[in-house]
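Structure, as structure tokens:
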Amino acid sequence: METIQGINNYNEKNPSIITIGTFDGVHIGHQKILERLTTNGQANGLKSILLTFFPHPRMVLQKDTNIKLLNTLDERISILEKMELDYTLIHPFSKDFSRMTAIEFVRDILVNSLNVKKIIIGYDHRFGRNRNANITDLINFGNTFNFEVEEISAQEIDDVSVSSTKIRKALLASDIETANEYLGYRYMLNGSVTKGKGLGKTIGFPTANIKIKEDYKLIPQTGVYAVTCNVAGKTAGGMMNIGYNPTIGNNKQTIEVNLFDINEDLYNEHITVEFIAHIRSEQKFDSLTALNSQLHKDKATAQQLIASAK
């Protein structure tokens, strides 16, 4: 798969088959649509294209700073690379772009720039200025500009919607198993290791504190989780705490992971954390000794969960 930033940088001349959407999560519902796209493209000699947008339209049009996405842009690209697409085309979404009329979008982008011959799209898809065009209009444009429209049924679209909703609800309820089942892969966080207060080291559980730069990334519910981590070219199991460290009176949320088999200095290293299961909710202990005792139990639980997940 080739990832291209901006429609103006797409230079392929061969005819294409396209689907359009944000595809946040690239979950099992999305994967079925993309499989249909790539299979159809291969059977008919068409280049398969996912046309997607960044930032998320709601961030631009509604100034929705509270929107939380399942993937960062880099995560989404990484997952899409496994989907056998020919191209993922990421176009910058802006207010100017949103003002493009339906016919301008179809004629100038889909037809003239992407040489579309077939579009696979949801029955409820809306596009153009003020989203005033629908799939009937798209079919009519297809008759004019000589491309076919294949409609994704209401049931399939509902499946995609339900998957997205269930994933978000599951993550906010600490139900990692359900989230991972609907994603078709393990939910992940990507960030950089930063300096913390060093308290974990003093009680025998040193942690890597993780900073995630994308404030739109959905962070699961506070608590302790069994995870696997990839950092500095190594993979290790671990237990992660998302929360406020109430035992020491911290009032700022932190994300920190105790790695079981890596003891080196990891400051400023990029880290990927994949969630296996939720262990327990965050709680306040009467003393650091009590906290230490619980962490030993958490580690044993995490090791069992990681071993059974392999």
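Here are the numbers for the structure shown:
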| quantity | calculated |
| --- | --- |
| ASN130, sole failed condition from (1) part of a loop (DSSP other than H, G, I, E, B); (2) more than 17 Å from ILE17 (Cβ to Cβ) | (1) |
| Selection status of ILE276, in contact with a Lys or Arg (Cβ under 8 Å, 6 or more places away or on another chain), outside any helix (DSSP H, G or I) and at pLDDT below 90 | no |
| Any pair with Cβ under 9 angstrom, 6 or more apart, that starts in region 126-139 at a residue that is in contact (Cβ under 8 Å) with a residue 40 or more places away in the chain and ends at one that is assigned to a helix (DSSP H, G or I) and surrounded by 15 or more Cβ atoms within 10 Å (Cβ to Cβ) | PHE127/ALA102; PHE127/PHE105; PHE127/VAL106; PHE127/ASP137; PHE127/LEU138 |
| Pairs, first among the aromatic types (Phe, Trp, Tyr) in region 11-31, second part of a loop (DSSP other than H, G, I, E, B), C-beta under 9 Å, six or more apart | PHE23/ASN71 |
| When residues of region 150-184 are limited to those that are in contact with a strand residue (DSSP E or B) (Cβ under 8 Å, 6 or more places away or on another chain) and not in a helix (DSSP H, G or I), the one farthest from ILE135 (Cα to Cα) | SER174 |
| Number of the exception - ILE210 against (1) crowded, with 19+ Cβ neighbours inside 10 Å; (2) assigned to a loop (DSSP other than H, G, I, E, B); (3) of a type in the set (A, V, I, L, M) | (2) |
| Residue tally, condition farther than 19 Å from GLU75 by Cβ, surrounded by fewer than 16 Cβ atoms within 10 Å (Cβ to Cβ) and in contact (Cβ under 8 Å) with a residue 12 or more places away in the chain, over region 163-184 | 3 |
| Qualifying residue in region 223-232 (condition: over 19 Å from the mean Cα position of the chain (by Cα), farther than 22 Å from ALA300 by Cβ, without any contact (Cβ under 8 Å) to a residue 40 or more places away in the chain and surrounded by fewer than 21 Cβ atoms within 10 Å (Cβ to Cβ)) | yes |
| Residue, nearest to TYR225 (Cα to Cα), within region 280-307, restricted to residues that are free of Cβ contacts under 8 Å to residues at least 60 places away in the same chain and of a type in the set (Lys, Arg) | ARG280 |
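The values are calculated or read from the model by the stated rules, or taken from the named source; none is laboratory data. A quick note: this is a predicted structure, and the numbers were derived from the prediction, not measured. Cβ atoms come from the backbone with ideal geometry, glycine included; neighbour counts cover every protein chain shown.
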